[in-house]
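Colleague: Could you have a look at this structure, given as structure tokens, before my questions?
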């Protein structure tokens, strides 16, 4: 454990977690990792759209990543609670680095012939994305459960969660903008080259963090089957956590429009690759500003009600974005989706870390990955399929309306979530 002094309990220290050296290394590594993957996401989606001119192809990118991630998730959670978590992180990031190198090679003469139209030209891209999905399936639970181990006391946990979200969102602001600008002005091979360099730096930073032993578990070791199901049973037995995850799941699954942004940028807003980068960054700008605000003013009182209103706001902003033909208005509405989404992300992360025992965090995080992490990719497929059937604008409006219905049903059925209060003295349910 770090020897950093414990924060003064008499006042809120917004920088408490950042005073821990290994935590600083962790979030620095995540910044490089997220910027790299965001650059990759923008470039792959634009590349795929230009190759196919098909919205369904954009949706299949998400499906190609989500399927392997879901398949390995429960086992990945078991591994994260059975093997030193730093080792898993280093192995997963190494695999992601190899995927980035493969995408770069496909833009070079040695590999570009694979993308010729007479040779199933999109399959190499989907294959790399599939492998990266496996890596991310193992990385998520390991990172989630490793982060609290770096803190010398639980008093810093809420602050660490907020900084974790803030730096992730800040990276998500930088990544799409950089990806769009690199693609537009320097070319696809340079964009993928920057992706490779940042991924390599992320690997070096993760490797520099001191390893931590697994939390000690008393009692008889469960069988593999029992271990795999532990995370599922824990979440379904906790109404507050289940309701929060379900709310986020359906909002992301139906309410997101990120997968279709290349079409909006090209066909509706006429903004090109530069505009795509800004559109991809706009939600993250809103998220990071809200996350910074919550760092100084933590979300505690009436947290459940605020979560419900935030997800409803996300749905309304999504509908507005679908109907907009103004680039400036579209940017603002995507900005608002990020503001509202940040509230949901921080509340959900706080609930998971607060209610989950240390020795189960890998398995519970794995179920969260199925609920939320993979729902981004499955939501991309849903967006692409719905756009193919209904048209681009109607499909996004439909998704926003479904989000509002889910909020209404959750507010009526999940009484404990509606009454949730995260003030330290009450912790009401």
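Readers should treat all values here as calculations from the given coordinates under stated rules, not as data from a laboratory. Bear in mind the structure is a predicted one, so any value in this text is a computation, not a measurement. Cβ coordinates were reconstructed from backbone atoms using ideal geometry, including for glycine residues, and neighbour counts include every protein chain displayed.
Colleague: So if we plug the beta-carbon distance of residue 155 and residue 214 into 1/(1 + (r/R0)^6) with R0 = 35 Å, what FRET efficiency do we get, rounded to 0.05?
Modeller: Here the calculated transfer efficiency is 0.95.
Colleague: When every alpha-carbon pair in the stretch 249-361 is counted, what percent end up more than 18 Å apart?
Modeller: Numbers: 3333 of 6328 pairs.
Result: 53 percent of Cα pairs exceed 18 Å.
Colleague: Here's another thing I want to ask about it. Going by C-beta contacts inside 10 Å, put 330, 82 in order with the fewest on the left. Mind dumping the intermediate values first?
Modeller: Values: 330 26, 82 16.
With the sparsest Cβ surroundings first, the list reads 82, 330.
Colleague: Which order do the peptides 129-135, 411-417 take when ranked by the mean count of other beta-carbon atoms within 10 Å per residue, highest first? Let's see the in-between values first.
Modeller: Working: 129-135: 21.6, 411-417: 16.3.
The peptides rank, most packed first, as 129-135, 411-417.
Colleague: Could I ask something else about it? In whole Å and largest first, what semi-axes does the C-alpha gyration tensor of the stretch 286-349 yield when each eigenvalue is scaled by 5 and square-rooted?
Modeller: Semi-axis lengths for the stretch 286-349 are 23, 13, 7 Å.
Colleague: Right, another one. How much of the calculated P(r) for the stretch 143-199 lies past 17 Å, in percent of all Cα pairs? Write down the numbers at each step before the final one.
Modeller: Details: 848 of 1596 pairs.
Distances greater than 17 Å cover 53 percent of the Cα pairs.
Colleague: Next question. At a Förster distance of 45 Å, what's the computed FRET efficiency of residue 409 paired with residue 123, Cβ-Cβ distance as r, to 0.05?
Modeller: On the way: r = 40 Å, r/R0 = 0.89.
The value I calculate is 0.65.
Colleague: For 192, 126, which order do you get if you count the other beta carbons within 10 Å of each Cβ and list the fewest first?
Modeller: Working: 192 27, 126 18.
Arranged by neighbour count, lowest to highest, 192, 126 become 126, 192.
Colleague: How many nm separate the modelled label positions at residue 323 and residue 389, each set 7 Å beyond the Cα in the direction of the Cβ?
Modeller: A separation of 2.4 nm, rounded to one decimal place.
Colleague: On to the next question. Where does each of 233-242, 160-169 land if you order them by average Cβ count within 10 Å, highest first?
Modeller: Values: 233-242: 17.0, 160-169: 22.7.
By packing density, highest mean first, the sequence is 160-169, 233-242.
Colleague: Taking other Cβ within 10 Å of each residue's Cβ, how do 107, 356 sort, fewest first?
Modeller: Numbers: 107 19, 356 23.
So the residues, fewest neighbours to most, are 107, 356.
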